[in-house]
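Taking it in order: structure first as structure tokens, then the write-up.
The values are calculated or read from the model by the stated rules, or taken from the named source; none is laboratory data. Here the structure is a predicted model, which is why all the values come from computation and not from measurement. Positions of Cβ are generated from backbone atoms using ideal geometry, with glycine treated the same way; all protein chains shown enter the neighbour counts.
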Amino acid sequence: MDRAAFQARFEARFADPRFAGERAAIDRLANIAWRNHEDSRKAPQTRPAGPGFADPAYELSVEWSATRDRLQAAQAAWGQAPRSRVLLVNGSARNDQTCPGENAKTMRLAAMARDVLQEHGAETDLLDLSLLTSDYDLHIHPCKGCVSTTMPLCHWPCSCYPNHSLGQVNDWMAEIYERWVAAHGVIVLAPTYWYQSPSPLKQMIDRLVCADGGNPDPTSTHGKKVEEAKALEKRGWDYPQHLAGRVFGLVVHGDVAGVEVQRRNLSDWLQWMGLLPAGFASQLDRYIGYYEPYGDSHAALDADHNLHAEVRNVAHAVARAADAARAGQLSRPDAGLVSPRRK
């Protein structure tokens, strides 16, 4: 990237005429940002990893270390929680602060599920991924595919971000990882966009790849040293499942086609990570306003009382399964079986 292109991108966020009086300050900041870009200052603040790491002297990002500390605290609390905690994931990209100015049907379904969970005494946490489209400078940056080079190169939590030299900051995943770890149950609710999950949901899914086999010790690969990581995998990688043992439910809806495809994709993904389905009633795919005008879809949702009951059943199933799992009463017949095709 040349200097002129960098300058143009940097200045784009200051296009509002209100910034005009700060042109000199913006130029000074652009010069600093350019130097940092050229010097690849991905993590300008680091500290020695310390005890418990393969290389205690290796300099780790203070931001990554802070996220790791929160995940460890969340996992410890997960095992001692007095009641079940369920994470509700709203996978829609629409809310009343975006262009349509109208809340998504998915959020309305999430509210139904939350009411049922609270009846069971569960603690609920609503992760509203639509905030990516309405909150200032909030991001889930894309997965860079480290795992496809070699599994130990993919760190848990993800160490690819923040990357200050590229301006890839305000990465929401640092918080989202913690919220997944803290949950005993997860309900993913999503509309269907072109046969698939909406982009905010898919971005989160991709960045959760490190939860399934991710390397919790970046010093073992000295950051992103490919050959060191490949050597670790060839010696025998154990593919730790950092979210295993949680239970899940699904609510997928659409208007014309693709709901079953997306529901199956989400179910397979969650089970691959070691999460447990909460029974047949916990996975739902339905059409709302099938082949009817979009403008009538909220009225169609209001009228579909059977769908309301089915969504509530998803929440009932997940609440019961989460309680059973915490009590050690949820059996897993395939526990202990080792796949001959681990990856």
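Each row is one residue, and each column tells you yes or no for (1) in contact (Cβ under 8 Å) with a residue 12 or more places away in the chain; (2) assigned to a strand (DSSP E or B).
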| site | (1), (2) |
| --- | --- |
| L284 | yes, yes |
| E292 | yes, no |
| S297 | yes, no |
| N306 | no, no |
| E310 | yes, no |
| N313 | yes, no |
| A317 | yes, no |
| R320 | yes, no |
| L337 | no, no |
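With respect to the conditions (1) farther than 19 Å from S84 by Cα; (2) modelled with pLDDT of 95 or more; (3) surrounded by fewer than 16 Cβ atoms within 10 Å (Cβ to Cβ); (4) within 25 Å of the chain's Cα centre (by Cα), A299 lacks only one, and its number is (4).
Hey, does region 39-53 have a residue that's free of Cβ contacts under 8 Å to residues at least 40 places away in the same chain and of a type in the set (D, E)? Scanning region 39-53, I find no residue that is free of Cβ contacts under 8 Å to residues at least 40 places away in the same chain and of a type in the set (D, E), so the answer is no.
A quick yes/no check of all residues on (1) assigned to a loop (DSSP other than H, G, I, E, B); (2) of a type in the set (G, A, S); (3) surrounded by fewer than 18 Cβ atoms within 10 Å (Cβ to Cβ):
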| site | (1), (2), (3) |
| --- | --- |
| D96 | yes, no, yes |
| A110 | no, yes, no |
| R114 | no, no, no |
| T124 | no, no, no |
| L131 | no, no, yes |
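Give me the pairs, please: first residue somewhere in region 189-210 and touching a residue at least 40 places away in the same chain (Cβ under 8 Å) and within 17 Å of A244 (Cα to Cα), second residue anywhere and of a type in the set (A, V, I, L, M, F, W, C) and part of a helix (DSSP H, G or I), beta-carbon distance under 6 Å, and either six or more positions apart or on two chains. Here the result reads R207/M173; V209/V147, each pair linking region 189-210 to a residue that is of a type in the set (A, V, I, L, M, F, W, C) and part of a helix (DSSP H, G or I). Looking only at residues in region 246-275 that are among the β-branched types (V, I, T) and out of contact with any helix residue (DSSP H, G or I) (no Cβ under 7 Å at 6 or more places or on another chain), the one that is surrounded by the fewest Cβ atoms within 10 Å (Cβ to Cβ) is V256. Scanning region 159-178 for residues that are surrounded by 24 or more Cβ atoms within 10 Å (Cβ to Cβ) and part of a loop (DSSP other than H, G, I, E, B) yields S159, Y161.
The set of residues in region 7-22 being surrounded by fewer than 11 Cβ atoms within 10 Å (Cβ to Cβ) and either assigned to a loop (DSSP other than H, G, I, E, B) or not small (G, A, S) (or both) consists of A15, D16, P17, R18. Assess whether A66 counts as being assigned to a loop (DSSP other than H, G, I, E, B) and closer than 29 Å to N163 by Cα. Answer is no for this residue. Considering L71, L87, the condition of being part of a strand (DSSP E or B), surrounded by 14 or more Cβ atoms within 10 Å (Cβ to Cβ) and touching a residue at least 40 places away in the same chain (Cβ under 8 Å) is satisfied by L87 alone.
For region 223-268, what are the residues that are assigned to a loop (DSSP other than H, G, I, E, B) and of a type in the set (G, A, S)? Residues satisfying the conditions are G223, A244, G245, A257, G258.
Selection of region 30-47 for residues being farther than 21 Å from C158 by Cβ and either at pLDDT below 95 or exposed (fewer than 14 other Cβ atoms within 10 Å of the Cβ) (or both) yields N31, I32, R35, E38, D39.
Exactly one residue among A74, A66, A113, A93 is of a type in the set (G, A, S) and in contact with an Asp or Glu (Cβ under 9 Å, 6 or more places away or on another chain), and that residue is A74.
Taking the criterion of being polar (S, T, N, Q) and within 22 Å of T221 (Cβ to Cβ), the residues of region 26-53 that qualify are S40, Q45, T46.
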